[in-house]
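Reviewing the structure listed below.
The values are calculated or read from the model by the stated rules, or taken from the named source; none is laboratory data. This structure is a prediction, so every number in the text was calculated from the model and none was measured. Virtual Cβ from ideal backbone geometry, glycine too; neighbours counted across all protein chains shown.
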Amino acid sequence: MHILLLGYGKMGKTLYKLAEEKGYQVSKADNPSERDVLKGIKFNVAIEFSQPDAAFENIIYCIEQGIPVVSGTTGWLDKKQEAEEYCRKKGGTLFYASNFSIGVNLFFKLNEWMARLMNDHQDYDISMEEIHHIQKLDSPSGTAITIAEGIIGNNDLKKHWSDELGEVTNLRISSKREGNIPGTHIVRYISEMDTIELKHTAHTRESFARGALMVAEWVTDKRGVLNMNDFMNA
C-alpha cells in the first residue's frame with residue numbers, strides 16, 4: 001500500500017514510523033509545494049494530519065486526485081460540510097474523525113450512554129475539562145467538541161457548549177494547555193451530594209496513529225463520507 005502523508009508534525013512522524021514498520025510505502029508532504037511534486041503518483045490512500053488552515057485545501061486536493069483521504073486535523077470544521085458536499089459530488093472518499101484512538105471512541109459511546117442515563121437525575125450539573133500539550137492550536141479540542149455534542153444530543157439539560165460560564169443550559173468546556181500532554185478529557189456530573197467523573201487519559205500519541213492507520217487500511221475500497229461509527233460498526 002502506498003500512503004500519501006499530508007502533514008509531518010508530531011502525529012505525522014508517528015504515523016510515518018508505524019506505516020514503515022508495517023512495510024507500507026509512504027510519501028510525505030508538509031506543504032502545498034511538496035504535495036504538488038507528488039501529483040500523478042498512484043496512492044492507495046492519503047492520511048491528513050496537517051494544520052487547521054491547510055486541512056480543507058489538502059482534502060479537496062485528494063478528492064480531485066481520486067485519492068481516498070483520512071483526516072484527523074481539527075480546527076477547520078467550519079468548512080467540513082463544504083468538503084463533504086464536494087466529496088459526494090465527485091464520488092470520492094472522505095473519512096473524518098476528531099480522534100482515531102479506539103479507546104477514545106469507546107469513551108464516546110460510554111459518554112452518550114451516561115448522558116442518557118442522567119436525564120433522570122438533573123440535580124447534577126454537567127461540565128467538561130480537556131488538557132493538551134502547549135503546541136495544540138485549537139481550543140477546545142476536536143475530541144472535546146465531539147464529547148460535548150454527544151452529551152447535548154442525549155441529555156435534555158444541555159442545549160449548547162461554550163468555553164465560558166453561562167446559563168444552566170450551557171455546557172462549559174474548560175481548556176488547558178500544559179507541557180507535552182497527548183490528551184486528557186474529563187466529563188463531570190456534579191451535585192451538592194457528590195461528583196461523578198468520566199475520564200480518558202492518553203499516554204501516547206501512538207494510540208491515535210495506530211487507529212488512523214487501521215482506518216486507512218479499511219477505507220481504501222470504500223466510497224462516500226465516512227466516520228468512526230462506520231468503522232467501529234463494520
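Quick rundown of the values:
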| quantity | calculated |
| --- | --- |
| Subset of the stretch 213-230 [part of a loop (DSSP other than H, G, I, E, B) and not hydroxyl-bearing (Ser, Thr, Tyr)] | 221, 222, 223, 227 |
| Residue within the stretch 69-77 that is within 21 Å of residue 135 (Cα to Cα), in contact (Cβ under 8 Å) with a residue 60 or more places away in the chain and either in contact with a Ser or Thr (Cβ under 7 Å, 6 or more places away or on another chain) or in the same structural domain as residue 135 (by TED's automatic domain parsing) (or both) present | yes |
| Scope the stretch 1-29; condition crowded, with 17+ Cβ neighbours inside 10 Å and on the phi > 0 side of the Ramachandran plot; matching residues | 7 |
| Count of residues meeting criterion [touching a Leu at 6+ places or on another chain (Cβ under 8 Å) and more than 14 Å from residue 39 (Cβ to Cβ)] in the stretch 55-67 | 1 |
| Filter pass, residue 32 being surrounded by fewer than 22 Cβ atoms within 10 Å (Cβ to Cβ) and either touching a Gly at 6+ places or on another chain (Cβ under 7 Å) or at positive phi (or both) | no |
| Boolean, residue 207 is over 30 Å from residue 20 (Cα atoms) and surrounded by fewer than 21 Cβ atoms within 10 Å (Cβ to Cβ) | no |
| Members of the stretch 23-51 found to be acidic (Asp, Glu) and part of a strand (DSSP E or B), listed by number | 48 |
